[in-house]
Amino acid sequence: MSDRATVEFLAGVPLLEGHGEADLVQLARVVRRRTVREGEILFRQGDAAREVLFVVDGALSIWLQQPGDRTVEVARAGPGQMLGEIALLDGQGHTMSVGVAESGTVLALGRWFFFNPIPDRVHGVFNPLLPGLEESLPWLASAAVLCAATLILFLYARRRLRRPETMIS
């Protein structure tokens, strides 16, 4: 992926809509492109957040750890989706685990970017977003827990009533 392709990709990420090309070029310079392989674990539930991930291609599996060392896949993330931002901003650790379902590419923006003073204008890309995100974190966290609990109950009922292969071991 060229620098130009990285900028074009970032321009399509909903959180970054409306930012000028100069900001996106600067951001493209600090994200780390990473190839991920099927079966690789990117982070586990409870891990401290180290980075925000933008899925360029491939697919990521998002799952919850259940009692008895069982896991339940609750979602998949594909191109253009972002993961890890809430855990990074609230400092409470990841609420779910993420692994690679289909090999692909992600862009990683490290924790340092959000919490260290950066004299460059690249930090300005996220500055307008941070106050709104910080204010909405309690609501987002509550909504995420409610959605996850509802989804777990739905998946559990579906598993009991239909096919056990809907569970990931």
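Read-outs: derived from the displayed coordinates by stated rules, not from any lab. It should be emphasised that the depicted structure is a prediction, and the values quoted were computed from it without experimental measurement. Every residue, glycine as well, gets a Cβ built from its backbone with ideal geometry; the counts of neighbours run over all protein chains shown.
Points worth noting:
- Inter-probe distance in nm under a simple model that places probes 7 Å from Cα toward Cβ, at Arg32 and Ala5: 2.1 nm
- For Glu40, distant residues with modelled amide H under 5 Å away: Val100
- Approximate spin-label separation Ala48-Gln81, in nm, with each point projected 7 Å along Cα-to-Cβ: 2.7 nm
- Computed from backbone phi, the HN-Hα couplings of the range 29-44 come to 6, 9, 6, 10, 7, 9, 7, 10, 10, 3, x, 5, 8, 8, 6, 10 Hz, rounded to whole numbers (Karplus: 6.51 cos²θ - 1.76 cosθ + 1.60, θ = phi - 60°; Gly and Pro given as x).
- Less than 5 angstrom separates the built amide H of Met96 from those of Gly46, all sequence-distant by 5 or more or on a different chain.
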